[in-house]
Amino acid sequence: MPPDVLHFRPLLSPLVQFSPSLTSRAQENHIFCVHKYWQGRKGMNLTKKKFIPILVLILSIISVLRLLSLNVKTSPFSTGISALFPAPQHNCSSLPLSTCNKIASHTPNTTTTLTEKEFRVLSDLVALKSPCNLLIFGFQPQYLTLSNMNAAGSTIFLDDDPDKISKVRINSNNTEIYRFESNMPTKAGYKLLKHARQNPAACVPNPRLLQKSKCKLALKNLPLQVYEKNWDVMVVDGPIGDSPESPGRMGSIYTTSVLARAGNTSDVIVHDVDRIIEKWFSWEFLCDENLLYSKGKLWHFRIRGLSNSTRFCPVEAGI
């Protein structure tokens, strides 16, 4: 007889049991997650495409703001912003002229201080013309060297700052310093230029009529000898004109241009011609064809006297 086959009946159900329904559900979930993943990737791609123009716009705005800030810093009226912190004025009353000039040459450069090369141009001119009649609008310690070089001539300083004048003592019979009042703020430059153009009869370049002139640009309160002398060299470096509210050099340039036409020939030096007012009024009243030389912020004009002239320049200057 064949042996009996033993049959073992499991007491417990299998440890792992595969359910067909569960497997198909997992597959569905997997497909759903993959679909969601690619949808998310697609959404992210669209977001990046939209983000790039926004980023470009933000960077453009920042660049424009930076350019505007640079323009404000370098605008015509704000070129004097750095000069709102001017170099300290030194009392030269107790110092030799050579020492005072060294102090001025080591003073930080502001809109009213000549550089070494600019001052050399001016000192060479005075040395060539001396002895001469020298008129200077705007006092600086380094200008005392010019007075010393012109000891045999006559030098007059004109300044609108009483504090600056009070600190200066000049021990020379041929050098004088006077205060003059200027009620022409820099911001009024365009209106005054328009007035001169619209009133050529009042602003005619006639030195004999300067004291009684009806031109708003004329300085009529200067010392009498300023109107009586024929000036060989004139320097315009004042008033300071470093902000819209501060006194500008419109009157100084106009008055100088009229006085320059009283004699045979006058040399006129204008400083800070990098600024709008100095540039406009020099073109208008000293005339481009009279420009002899330029160095840095300095323009050197040579004006020949014009008798009975009714205009400053042969061709009307344009701005």
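For the stretch 226-278 and the stretch 115-173, what is the centre-to-centre distance using only Cα atoms, to the nearest Å?
Rounded to whole Å, the Cα centres lie 14 Å apart.
Need the full-extension length gain, Tyr190 to Leu224, defined as separation in residues times 0.36 nm minus the C-alpha distance. One decimal, nm.
Working: separation 34, 0.36 × 34 = 12.24 nm, distance 2.90 nm.
Full-extension gain reported as 9.3 nm.
Any chance you could run the full-extension gain for Glu245 through Ala151? It's 0.36 nm times the residue separation minus the Cα-Cα distance, nm to one decimal. All intermediate terms of the calculation are to be shown ahead of the outcome.
Working: separation 94, 0.36 × 94 = 33.84 nm, distance 3.67 nm.
Fully extending the segment from Glu245 to Ala151 adds 30.2 nm.
As a test, work out the antiparallel percent of DSSP beta bridges whose residues both lie in the stretch 175-319, rounded to the nearest 5. Don't skip to the end; give the middle numbers.
Values: 12 of 16 bridges.
Bridges in the stretch 175-319 are about 75 percent antiparallel.
Under the rule of at least 5 residues apart or a separate chain, name every residue whose amide H is placed under 5 Å from the amide H of Ser154.
Cys132, Asn133, Leu134
If I compute solvent accessible area with a 1.4 Å probe over the protein chains, what percent of it on the stretch 182-318 is carbon and sulfur?
Values: 3050 of 6110 Å².
Taking all protein chains in place, the stretch 182-318 shows 50 percent carbon and sulfur surface.
With a 1.4 Å probe and all protein chains left in place, how much accessible area per residue does the stretch 101-231 have, in Å²?
Values: 6720 Å² over 131 residues.
Heavy-atom accessible area per residue stands at 51 Å².
Counting only pairs 8 or more residues apart or on different chains, how many lysine pairs in the stretch 190-289 have their Cα atoms under 25 Å apart?
Going through the stretch 190-289 pair by pair, I get 18.
By how many nm would the segment from Lys279 to Glu181 grow when fully extended, if each residue of separation counts as 0.36 nm and the alpha-carbon distance is taken off? Can you show the working numbers first?
Working: separation 98, 0.36 × 98 = 35.28 nm, distance 2.23 nm.
Extending this stretch completely gives an extra 33.0 nm.
The values are calculated or read from the model by the stated rules, or taken from the named source; none is laboratory data. Every value quoted in this text rests on a predicted model; they were computed, and no experiment measured them. The accessibility values were calculated without ligands, DNA or RNA, using every heavy atom of the protein model including side chains. Shrake-Rupley method; radii C 1.70, N 1.55, O 1.52, S 1.80 Å.
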